[in-house]
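Report on the structure given below.
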Amino acid sequence: MIEVTELNGVAVLQMRHGKANALDVDLCTALKTTLEQVATTSKAVVLTGQEKIFSAGVDLVRLLKDGEDYRGALLKALGDALHALLTHPKPLIAAINGHAIAGGCILACAADHRIMIREHGRIGVPELTVGVPFPPMALEILRFAVPPQHFRQLVFRGLTYTPDRAHACGLVDELVAVEALSDRARTCALELAAIPPHAFALTKSQAVRPVVERLQQQWTQDMDAKVNKAWNSAEIVAAVQGYVDNTLRKR
């Protein structure tokens, strides 16, 4: 599910979960656990996917099939995984090897540096076009990572971008050829790891502090409950079912 390889102190975490690295409780839990493990054994981390997909986002088919309790568990597991990525004390690079859609895009945005291949793949957050509201953690990560002038268009219009467009609007930091992605991600990880670890961790904790504090506010916690309730509403379940029937199953 998460394949870990280590070279020169850099832990490469490759998501290998089905064809699309769709986010479910199992993958989110594995990601959080693995991040905790490598925090004490590695100097830096690279997160990547497989084949031409980084991650296609939440497993909508399982979301429908497994019912209300599962949807609540998924929101909790996803939030925990995103928090683990955002607050990881070591340098964390997203090596975006292809499509990074919805939750997959947000995983990448939680990293300290985002490198995408230029040849193929799209990245973006079409949650509202599917019909589901953003969990507070996901939206706060996007607010933190995306330049303000592009944030509303990305979120409200549900756009997905080509690599060139994503780079132009600051959604990714670098574009490289597909064959260079692995080496460039490791090089970048080592460059950041050369910073004294305590200084890096302290500065990173300060940088993400506004996000963490907003998520701890009562308003945000109340919104978490509202989003959970909304994901289980008949309206949104029907919207997700329609998207699955009309889009996913026709591919």
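Okay, here's what the table says:
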| item | result |
| --- | --- |
| Pairs with Cβ under 9 Å, 6+ apart, first in region 163-191 and touching a residue at least 40 places away in the same chain (Cβ under 8 Å) and under 17 Å from Glu119 (Cβ atoms), second assigned to a loop (DSSP other than H, G, I, E, B) and polar (S, T, N, Q) | Val178/Asn97; Leu181/Asn97; Ser182/Asn97 |
| Residues located in region 170-222, provided they are in a loop (DSSP other than H, G, I, E, B) and within 17 Å of His120 (Cα to Cα) | Leu171, Val172, Asp173, Ala177 |
| Hits in region 24-43 - residues which are over 19 Å from Gly67 (Cα atoms) and assigned to a helix (DSSP H, G or I) | Ala30, Leu31, Lys32, Thr33, Thr34, Leu35, Glu36, Gln37, Val38 |
| Residue pairs meeting the criteria (Cβ under 6 Å; at least 6 apart or on separate chains; first of a type in the set (D, E, K, R), in region 139-159; second surrounded by fewer than 17 Cβ atoms within 10 Å (Cβ to Cβ) and modelled with pLDDT under 95) | Glu140/Arg214 |
| Meets criteria (crowded, with 18+ Cβ neighbours inside 10 Å, out of contact with any Asp or Glu (no Cβ under 8 Å at 6 or more places or on another chain) and at pLDDT 95 or above) for Gly98 | no |
| Given (1) among the aliphatic types (A, V, I, L, M); (2) within 20 Å of Asn21 (Cα to Cα); (3) crowded, with 17+ Cβ neighbours inside 10 Å, index of the condition Val146 fails | (2) |
| Qualifying position, being over 20 Å from Val240 (Cα atoms), free of Cβ contacts under 8 Å to residues at least 24 places away in the same chain, surrounded by fewer than 23 Cβ atoms within 10 Å (Cβ to Cβ) and not small (Gly, Ala, Ser), among His17, His83 | His17 |
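The values are calculated or read from the model by the stated rules, or taken from the named source; none is laboratory data. For clarity, every value in this text was computed on a predicted model and none was experimentally measured. Methodologically, a virtual Cβ is constructed for each residue, glycine included, from the backbone with ideal geometry; neighbour enumeration extends over all protein chains shown.
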